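What follows is one structure encoded as structure tokens, with my remarks underneath.
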């Protein structure tokens, strides 16, 4: 399945006049490889260029993950000293002949940490925004993806339904948020949520991106819950408003 | 407290020959402001330049958070259409007179999404790595910080101790990982963990950054748990190895 996705990407790159894309840990990398990497203090970057095996720059301690890839990937590993990073990125870019070429990027995911090293390894290249190319690939979901999304919605709904009976006046927003997280996990969510649940009551509920506070739930509060679950990397994002006890008109 | 931190930053910028720093959502932004923002599809950037009020570029729907800042911050808000971003960033950079200046960045945190807009708003500027300046500020912890770190360690330890009695042969790595997350929350962790717990047994335990799988725990497995808690934004990161039942020499 991921090989078909890689082939689709290759075809898209050719029609988009991109010579390559670079991907750091995030949804697109997982989508294309089926392998999960953490976004961390060390750079991990997959270079995909049509007609060549993808190249992955990664720390030596992550090398065991190379066997998880569903197709051949050339690993370029670096050791513990960050001074080795530059050389690894140059080697990756040179092995694919990418200097001076058009290398697509994902600005919402790629950090300066990775970008500056790729750029140093291919100083004459251009780095156009490839978000549209990559999101177009992921736009049409296959059955497994639709099933995972439905499951992520169901987990979130079930978790809220299990949380509501536990709600009590005097409980803090933070306590309610923790209970909702516990119910998300008990109902089968991946532990890496799309975002930490927002539970905000009374005056805080007017702030759409509030963080849960130590404020206690009071009778008559309006309560906003904005939360989601993850299943197999696919996420849901729901928002519900309810009242704590009876509310005046 | 955060005002003192801002003043320390200002002093550091002057001695480091930096005219400003830009910060997107992450630990440094929270450290300096006490306000929490999500890293999301919309850019949020705080510009700090000595001698001037900080300027925050943010979406209109986040404007209610401006009142949470402990010192005066000038908000530059944009609406729903991403085409408004460019203008907001230009306005922020111009209001601080930053074009052509040295604007420090955090490469491990800043994405191309934010960086490209700041750069478009200050095209003649340089963007040196300010990681060392910013981490030096945060190196010396005050009592509240040390207490939060100790608490994050204690929460993590207590959570593992509560999880061990629940371990059973036949349980999957994922199930054990979910149980550990539940115990982290019950013991008081913030819901935004430093990373999702790694629970890996048997052959998977040789991979230091394994993701928990559907593999069931077997008698004689070596089990590696790499996990952490968060408390008030401060984190812990522990690793323990144990055996599932008795292990042969």
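The numbers here are math on the coordinates, done by the rules we state, and not lab data. Computed from a predicted structure; not experimentally measured. Counting neighbours? That spans all protein chains shown, and the Cβs are built from the backbone with ideal geometry, glycine included.
Residues B:149, A:1 in ascending order of nearby Cβ atoms (within 10 Å, fewest first): A:1, B:149. Residues B:71, A:234, ranked from the fewest to the most other C-beta atoms within 10 Å, line up as B:71, A:234. Each copy carries a label point for residue B:70 at 7 Å from Cα toward Cβ; from one copy, the others' points are 5.0 nm away, ordered from shortest.
Measuring from centroid to centroid over Cα atoms, what is the spacing of the range B:217-236 and the range B:180-202 in Å? Their Cα centres are 7 Å away from one another.
Three principal axis extents of the range A:143-243 based on alpha-carbon atoms, in descending order, are 44, 24, 19 Å. Converting the Cα gyration tensor eigenvalues of the range B:2-139 into ellipsoid dimensions via √(5λ) gives semi-axes, longest first, of 21, 17, 14 Å.
Equivalent ellipsoid of the range B:72-139: semi-axes from √(5λ) of the C-alpha gyration tensor, largest first, are 22, 14, 13 Å.
May I ask what percent, to the nearest 5, of DSSP beta bridges between residues of the protein assembly as shown are antiparallel?
That works out to approximately 70 percent antiparallel.
Could you work out the Kirkwood radius for the protein assembly as shown, taking every pair of different alpha carbons, averaging 1/r and inverting it, reported in Å?
Values: mean 1/r = 0.0410 Å⁻¹.
Evaluated on the protein assembly as shown, it is 24.4 Å.
Within the listed set A:192, A:214, A:114, the residue fluctuating most in the Gaussian network model of chain A (springs between alpha-carbon atoms under 10 angstrom) is A:214. In nanometres and ascending order, the distances from the residue B:239 label point to those of the other copies are 4.1 (point 7 Å from Cα along Cα→Cβ). When residue B:11 is represented by a point 7 angstrom out along its Cα-to-C-beta vector, the spacings to that point in the other copies are 6.2 nm, nearest first. Pairs of alpha-carbon atoms within less than 8 angstrom and 6+ residues apart define the contacts here; what relative contact order does the range B:143-243 have, in percent? The normalised contact order for the range B:143-243 reaches 34 percent. Of all the options B:113, B:13, B:134, the one that moves most in a Gaussian network model of chain B with Cα springs shorter than 10 angstrom is B:113.
Given the range A:2-139, what percent of its DSSP beta bridges are antiparallel, to the nearest 5? Within the range A:2-139, antiparallel bridges account for around 40 percent of the total.
Considering all different alpha carbon pairs of the range A:1-52, the Kirkwood hydrodynamic radius works out to 11.6 Å.
Going from the fewest other Cβ atoms within 10 Å to the most, the residues A:135, A:189, A:116 appear in the order A:135, A:116, A:189.
Need one number for chain A: average projected area of the convex hull over its C-alpha atoms, nm². Can you show the working numbers first?
Values: hull surface 63.1 nm².
Mean projected area for chain A: 15.8 nm², to one decimal.
The range B:19-36 and the range B:66-127 have Cα centres lying 13 Å from one another.
The angle between the Cα long axis of helix B:143-163 and the longest principal axis of the Cα atoms of chain B comes to about 30 degrees, rounded to the nearest 10.
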